[in-house]
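For reference, the structure is listed below as structure tokens.
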Amino acid sequence: MKRISLLLFLAIFVSVLHVEAQDVNPNGFNKFFYPDGSISSEGNLRDGKPDGMWKTYYPNGQLKSIGRRTEFQLDSTWLFFDEKGDTTSLVNYNHDMKNGYSCSYESYNDSLHHNVVKSKELYKDDKRQGFAFYYDRGVLDTEIPFKDDRKHGEGYQYDKNGTVVAVLTYKYGQLLDKNLINRVDEKGRKQGIFRGYYPDKKVKWECYYKDDYMNGYYREFDQRGKEINVARYIMGQLQEEDKKSLASNKDAVKLKSEFYPNGGVKSTGGYKDSVPVGVHRLYNEAGKINGGITYDNEGRKIADGIVDGRGREQGKWTMYDSLGVVNAKGSYKNGKREGQWYFYFADGTTEQEGVYKDGNPDGKWQWYYPDGKLRRVEYFAKGKEDGDYYELSNAGDTLQVGLFSSGEKDGVWRTNTGDALVVEKFSDGTLHGDYSVYYMPDGKLKVAAKYLSGSLHGEYRQYYPDGKVAVDGEYAAGNENGTWRFYSEEGLLESTLDYSQGEVVKVDGNSMPKR
């Protein structure tokens, strides 16, 4: 970023060397030229340094870059182009550093000319943070997490249909593991691990295939990562025996039983080298199951609760983490969660609570901060968000409030980002209607726009904190369209860009060179 700033600065003053006869206004608008007389850059100088809107050009007259400086520092969105007019990058700046998403683009030709996104990276103070997205001819190929500008965490690789085909594990910039999933062999048969995900990339289900047949354990998880269903298959055939007993080490596990003095069974369960694994059932002297313990493959107790003869959880259950600390309590009915459930932080304080009905979240659910303060409230119906939703900061300030209908955002939503309030309208989970952003804390309008079926459409205006217009333009089906005007903080028109279907066709009324 500093290199870009320096190059732009040098480009201006190298141009000055070739126009000795030109008077440079150290506090006003200037144009600089190549030796052949074609324009190389133009913009405002203040105290002899670039400030405000600036543009640079290639010798052929094609726009090379356009962007704004505020107090001499790179600010807001900068656009960069190649000599043919195709966009090569879009960079968002704040205080001379990359902040927000930066995108790079590539061009290719088949029967048509395409200029498509190649990468999309999120920056905070010049360092990549969070997920970055990389594309192959406009189609998402890889999703990689960053922490302080180094790859760190679990990333994903996709096929052309958007299916995850590899899980990439990074630690402090190093690739530790590449786990191939959702793959087929040369004959088109499913082989190996298959896995589905929720939108937030939590695992929804996973299973194993051999020669196109499900072979092994199939597991389902809710959105909190809790296992809600387990079944075992052998070459496509569902096995009806106890679903959870013996886990995946069945061949190495021996079933052991204890008996009452009268000969009745007191307990049964699997052991591997004397280590308890899987489901252990406890019986009363009448022979009825009255308790149970579930162990993982290392012998750690992960749950207290009854599993009946058909492999279904019944009655009250207590769940434990790998350290033996209680992390959930609730009840089951015929293998499905039912009634009030509680989930806990490691210190035993409640993290979330709510009701299940027939295995699905139902009614009011509440989330808490570790100190016990309310964090979020939402409502469910048949497992889907339905009704009011609101989220609070630890200080009690409202962060987000809105309404869900059958799992989709609906109506007006308000989100407090800390420095701005975003007010947007949804219809069936899609942005549709007025979209506004307000400065915080004074509540003055910053952005006014509209969405139509998920895409920006119609008039778009951006304002300075004092209410003066900064940007005035129009969108059509998500693309910039028509004439866009950019104003200084003094209200003076600095530049105009004319768009056609998202592509710049004119700069300050001058047509871009044809490709």
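Every number here is computed from the coordinates shown, using simple stated rules; none is lab data. Every value quoted in this text rests on a predicted model; they were computed, and no experiment measured them. Cβ sites come from the backbone with ideal geometry, for glycine too, and all protein chains shown count toward neighbours.
Place a +1 charge on the Cβ of each Lys and Arg in the chain and a -1 charge on the Cβ of each Asp and Glu, then give the dipole magnitude about the Cα centre in debye, rounded to the nearest 20. List each step's numbers first, then the result.
Details: 73 positive and 78 negative charges, 392 e Å.
Dipole size: approximately 1880 debye.
Does segment 33-75 classify as rounded, prolate or oblate by the C-alpha gyration tensor (a ≥ b ≥ c root eigenvalues; a/c under 1.5 gives rounded; else a/b over b/c gives prolate, otherwise oblate)? Please list the in-between numbers first.
Working: a/c = 4.16, a/b = 1.81, b/c = 2.29.
Since a/c reaches 1.5 but b/c is at least a/b, the shape of segment 33-75 is classed as oblate.
Provide, for segment 248-308, the number of lysine pairs with alpha carbons under 16 Å apart, each pair being eight or more places apart or on different chains.
Details: 250/272; 254/272; 256/266; 256/272; 266/288; 272/301.
Going through segment 248-308 pair by pair, I get 6.
Below 11 angstrom from the Cβ of residue 493, what's the summed charge of the other residues (Lys, Arg +1; Asp, Glu -1)?
Values: positive: 485; negative: 472, 490, 494, 508.
Overall, the nearby charge balance is -3.
For a protection proxy built on the mean count of beta-carbon atoms within 10 angstrom, sort 368-375, 39-46 highest first, please.
On the way: 368-375: 13.4, 39-46: 19.6.
Order by mean packing, descending: 39-46, 368-375.
Report the extension gain between residue 266 and residue 489 in nm, rounded to one decimal, defined as 0.36 nm multiplied by the number of residues separating them, less their alpha carbon distance.
Stretched out fully, the residue 266 to residue 489 stretch lengthens by 72.1 nm.
To the nearest 10 degrees, how steep is helix 2-17 against the longest Cα principal axis of the chain, on a 0 to 90 scale?
Computed tilt is about 10 degrees.
Which value, in debye to the nearest 20, gives the size of the charge dipole of segment 287-348 about its Cα centre, when Lys and Arg are +1 and Asp and Glu are -1 at the Cβ? Walk me through the numbers on the way to the answer.
On the way: 10 positive and 8 negative charges, 74 e Å.
For this selection, approximately 360 debye.
Along the charge dipole of the chain, Cβ charges K/R +1 and D/E -1, which of 377, 293, 399 sits furthest on the positive end?
Result: 293.
Could you compute the net charge surrounding residue 450? Neighbours are other residues with a C-beta less than 13 Å from the C-beta of residue 450; K and R count +1, D and E count -1. Intermediate values should be presented prior to the final figure.
Numbers: positive: 425, 461; negative: 424, 434, 459, 474.
Here the charged neighbours net out to -2.
About the Cα centre of segment 248-308, how large is the charge dipole given +1 on each Lys and Arg Cβ and -1 on each Asp and Glu Cβ? Please answer in debye to the nearest 20. All intermediate terms of the calculation are to be shown ahead of the outcome.
Details: 9 positive and 8 negative charges, 15 e Å.
Dipole magnitude for segment 248-308 comes out near 80 debye.
Give the calculated FRET efficiency between residue 505 and residue 154 to the nearest 0.05, with a Förster radius of 51 Å applied to their Cβ-Cβ distance.
Numbers: r = 42 Å, r/R0 = 0.83.
Step by step, r from the Cβ atoms, then E = 0.75.
If Lys and Arg each add +1 and Asp and Glu each add -1, what is the summed charge of the other residues whose beta carbon sits under 13 Å from the beta carbon of residue 77? Working shown, then result.
Details: positive: 68, 69, 98; negative: 75, 480.
Taking every other residue near residue 77 into account, the sum is +1.
List the lysines whose alpha-carbon lies under 16 Å from that of residue 147, not counting same-chain residues fewer than 8 positions away?
The qualifying lysines are 98, 120, 124, 127, 171.
What order, most packed first, do the peptides 386-392, 302-308 have when packing is the mean number of other Cβ atoms within 10 Å of each residue?
Details: 386-392: 16.7, 302-308: 19.0.
So the order, starting with the most tightly packed, is 302-308, 386-392.
Which value in nm describes the separation of the simple spin-label points at residue 205 and residue 346, placed 7 Å from the Cα toward the beta carbon?
3.3 nm
How big is the Rg/Rh ratio for segment 70-119, C-alpha atoms only, Rh by Kirkwood, two decimals?
On the way: Rg = 13.3 Å, Rh = 12.0 Å.
Using Cα coordinates only, the ratio equals 1.11.
Give me the distance between the Cα centres of segment 203-243 and segment 297-344, rounded to whole Å.
Between the Cα centre of segment 203-243 and that of segment 297-344, the gap is 19 Å.
Once each part is reduced to its C-alpha centroid, what is the distance from segment 407-436 to segment 26-97 in angstrom?
Segment 407-436 and segment 26-97 have Cα centres separated by 34 Å.
For an R0 of 35 angstrom, estimate the FRET efficiency from the Cβ-Cβ distance between residue 187 and residue 127 and round to the nearest 0.05. Don't skip to the end; give the middle numbers.
Working: r = 46 Å, r/R0 = 1.31.
The calculated FRET efficiency here is 0.15.
So if each residue of separation counts as 0.36 nm, and I subtract the Cα-Cα distance between residue 406 and residue 371, what length gain in nm does that give?
Numbers: separation 35, 0.36 × 35 = 12.60 nm, distance 3.17 nm.
Here the answer is 9.4 nm.
Starting from the Cα of residue 227, step 7 Å toward the Cβ, then list every residue of segment 278-294 with an amide N under 16 Å from that point.
Output list for this probe position: 278-281, 292-294.
Could you work out how far apart the two model spin labels at residue 49 and residue 73 are, taking each label as a point 7 Å from the Cα in the direction of the beta carbon, and quote it in nm?
Distance between the two pseudo-spin positions: 1.1 nm.
Over all Cα pairs of segment 248-308, how is the pair count split among 10 Å bins, expressed in % and running from 0 up to the last occupied bin?
Each 10 Å bin holds this share of Cα pairs: 25, 50, 24, 2.
Projecting each Cα onto the charge dipole of the chain (Lys/Arg +1, Asp/Glu -1 at the beta carbon, about the Cα centre), which of 58, 277, 73 comes out farthest on the positive side?
Value: 277.
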